[in-house]
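Notes to accompany the following structure.
Throughout, read-outs are computed from the coordinates displayed, never taken from laboratory work. Small disclaimer: the values here were computed from a predicted structure and weren't measured. Neighbour counts run over all protein chains shown; Cβ positions are idealised from the backbone, glycine included.
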Amino acid sequence: MKSYREELWFDIPTRRAFVNITPQVETCLGKSGIRDGLVLINAMHITASVFINDDESGLHHDYDVWLEKLAPHEPVSQYRHNGYEDNGDAHLKRQIMGREVVVAVTDGQLDFGTWERIFYGEFDGRRKKRVLVKIIGE
Ligand code: ZN
């Protein structure tokens, strides 16, 4: 069995954003040389997510509105977590949008459903953060 590991780095200039990272994951898969196996992609920070859904800007806007209803950023005083920090909402948003995804690798390709793409979800940006890509197979 072969194994490949790479970290993808992000420095999102806004507090919140969704980024399609499918091309970067495909590049990792190409470098790995693995044709059949599994790829795990996980956020390495507790205020960011990795998830799979549609690459459609209306949906991403809807996510942002929905997440702000569930866990509004303001007022920051509503969260006990906020004392030294102001990212209590970002921890809650990360929890519901998820930490990681696993995608099957078949014939050297990500074995997606028709509209599936991989996204990095940032909920407390304006600093460097990373995503782990781990691929195993043969
Ligand atoms: Zn925090």
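For the reader, a short list of remarks on this structure follows.
- Packing around the peptides 105-118, 28-41, taken as the average count of other Cβ atoms within 10 Å per residue, puts them in this order, highest first: 28-41, 105-118.
- Our summary of shape: the Cα atoms of the chain have principal axis extents of 51, 30, 22 Å, ordered from largest down, in whole angstrom.
- 26 Å Cα-Cα threshold exceeded, pairs from K93/K128; K2/K128; K31/K128; K2/K93: K2/K128; K2/K93
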